[in-house]
Amino acid sequence: MLPSNLLFTFRPEHMAGLINGTLKIVTSNGVALGMVRDAATGRFIAHAVGTGLNPLIGVVNPVGFIMGGIQMIQTHRGFQKVLGELNLVQASIGVLQTTTAFIGVGTVAGVALSAVNLWQILKLREDVKNLRLEVKDGFLDLKQALKDQESAILQRINDVANDIKFEQHRLVLVQAYGNFTQAVQRLRSALKVSDPTRRNAEIDAVRGMLYQALAEYTNPQLVADLSAAGWLRRAECSWLISQVIILTYHLQNEMNAVSDRLQNLQNQISQDLRTIIDRCNSSEELDFLFPEITRLKNHDVAILRTWQAHVDWIQELSPSEMQELENLEADRIENVQVDVLIKPEEISSYENFKEKSHYFALRDQLRFMVNPKSRRDPEVYISQMATNTGRKALVPSNWLEVPDFTVANLYWYFKQQETAIS
């Protein structure tokens, strides 16, 4: 049986071996990796040939970049392939950053948020990738990018453009993006340096530039007054830069640092998402946040976890296993191609949830997804209220089997009952 958390696909003969038990997935800390080995001898057999999570278009993980990084860990080759994906990283930051120029500072109307939601982000990034739109000084031309939107959207573009408060933010973002772009250009040049000592010195300097850009994107004085949507977009830019910082450590074969930074990034994403959810004050904001945070948790964070698992695993290999791994032919990892014109499944799922729930329960469901420990108090409350009101059947024998959606709805059902009684 194939593991449920498998992000990869393999050649048909290897998939057959996994099903009949002659092959098994290589795992690390319970995470399935992109490799199979002989179940009897333990010998490495093959690398993955594709990414099997569908759809696998991350918000802040350019898939070719991350999967290339994983393959690089497997084979100690392919650095240039990964660096080739840096253009996509730059484009992704440009798209995410552009939407901050639309969201602006402070409260945003629901109609405005719908113009730059998850679906729109994927389509805009595709337009940049296919050269239909150009990122200039870290921003797209919003009027060109959203030219097919209704008049209220176009008016929003004009309003934010004339907002003096946002202009201060825009100037900082232009500078931050410029620093990031210079760092990427210097990184490309650094890898052409033949002398290892000089090359590492250049990579060290690049990392310093990246940390400076990161500090500009996360400046607490500039994010303090942002809405939940604006904070999410700014955080997403910083998470992308953090991945490039991790890559610099990777290029220097500093795997302990890579693992440490990957764990820190996952912790930072979790912390930022909690802050963003706490800042959510309306159903319109929740409509914007819920699908995107769902994708971030189910896709982007899952890929980061897999990347870290690969790093930790490779450090535990014996010299003979490392040699075996080096000699294993590296298959090309292909990404799942997804039509971005089709509504993302996260949006459809949220619309289904919304028909059966309400704002407070949905916000708690999102909170549970980001921080599973936050379910504990609601679970205790549900158990107490169900017992006190003679509804013991509503108390499950195993809370782990109960979806977040059910816990959130039961919690608010009893809350409303308690309010009605009092």
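For the stretch 299-323, which positions are exposed (fewer than 15 other Cβ atoms within 10 Å of the Cβ) and either modelled with pLDDT under 85 or within 14 Å of the chain's Cα centre (by Cα) (or both)?
The answer is 322, 323.
So which pairs qualify, if the first residue must be in the stretch 133-156 and in contact (Cβ under 8 Å) with a residue 40 or more places away in the chain, the second must be acidic (Asp, Glu), the Cβ gap must be under 9 Å, and the two must be at least 6 apart or on different chains?
Listed by first residue and then by second, the contacts come to 140/127; 140/134; 145/127.
Pull out all pairs, ordered by first then second residue, where Cβ-Cβ is under 8 Å, the residues are six or more apart or on different chains, the first lies in the stretch 89-106 and is assigned to a helix (DSSP H, G or I), and the second is acidic (Asp, Glu).
Pairs found: 96/236.
Only one of 127, 159 is of a type in the set (Asp, Glu) and in contact with a Leu (Cβ under 8 Å, 6 or more places away or on another chain); which? Break it down into steps so the answer makes sense when it comes.
On the way: 159 fails: in contact with a Leu (Cβ under 8 Å, 6 or more places away or on another chain).
So the residue among 127, 159 that is of a type in the set (Asp, Glu) and in contact with a Leu (Cβ under 8 Å, 6 or more places away or on another chain) is 127.
Just for the stretch 351-365: of the residues that are farther than 14 Å from residue 285 by Cα and more than 25 Å from the chain's Cα centre (by Cα), which one is surrounded by the fewest Cβ atoms within 10 Å (Cβ to Cβ)?
By that ranking, first place goes to 355.
Tell me which helices (runs of 4 or more DSSP H) are completely within the stretch 351-422 and hold 1 or more residues being among the aliphatic types (A, V, I, L, M), outside the structural domain of residue 280 (by TED's automatic domain parsing) and closer than 24 Å to residue 271 by Cβ, or say none if there are none.
Details: elements: 359-370, 376-388, 404-421.
Hits in the stretch 351-422: 359-370, 404-421.
One residue is enough: does the stretch 212-221 have a residue meeting the conditions of a type in the set (Asp, Glu), modelled with pLDDT under 95 and not in a helix (DSSP H, G or I)? Outline the logic, then answer.
As a first pass, look at the stretch 212-221 and keep what is of a type in the set (Asp, Glu): 216.
Now drop any that are not modelled with pLDDT under 95, which leaves 216.
Still in the running and not in a helix (DSSP H, G or I): none.
No, the stretch 212-221 contains no residue that is of a type in the set (Asp, Glu), modelled with pLDDT under 95 and not in a helix (DSSP H, G or I).
Scan the helices (runs of 4 or more DSSP H) fully inside the stretch 117-206 and keep the ones with 3 or more residues being surrounded by 16 or more Cβ atoms within 10 Å (Cβ to Cβ). It would help to see each step written out before you state the result.
Numbers: elements: 118-129, 142-145, 151-161, 164-190.
Helices (runs of 4 or more DSSP H) meeting the threshold: 118-129, 151-161, 164-190.
Take the residues of the stretch 85-105 that are more than 15 Å from residue 235 (Cβ to Cβ) and within 15 Å of the chain's Cα centre (by Cα): which is surrounded by the most Cβ atoms within 10 Å (Cβ to Cβ)?
89
Would you confirm whether any residue within the stretch 381-391 is on the phi < 0 side of the Ramachandran plot, at pLDDT 95 or above and charged (D, E, K, R)?
For the stretch 381-391, residues on the phi < 0 side of the Ramachandran plot, at pLDDT 95 or above and charged (D, E, K, R): absent.
The values are calculated or read from the model by the stated rules, or taken from the named source; none is laboratory data. Everything quoted here is computed from the prediction, not taken from an experiment. Cβ coordinates were reconstructed from backbone atoms using ideal geometry, including for glycine residues, and neighbour counts include every protein chain displayed.
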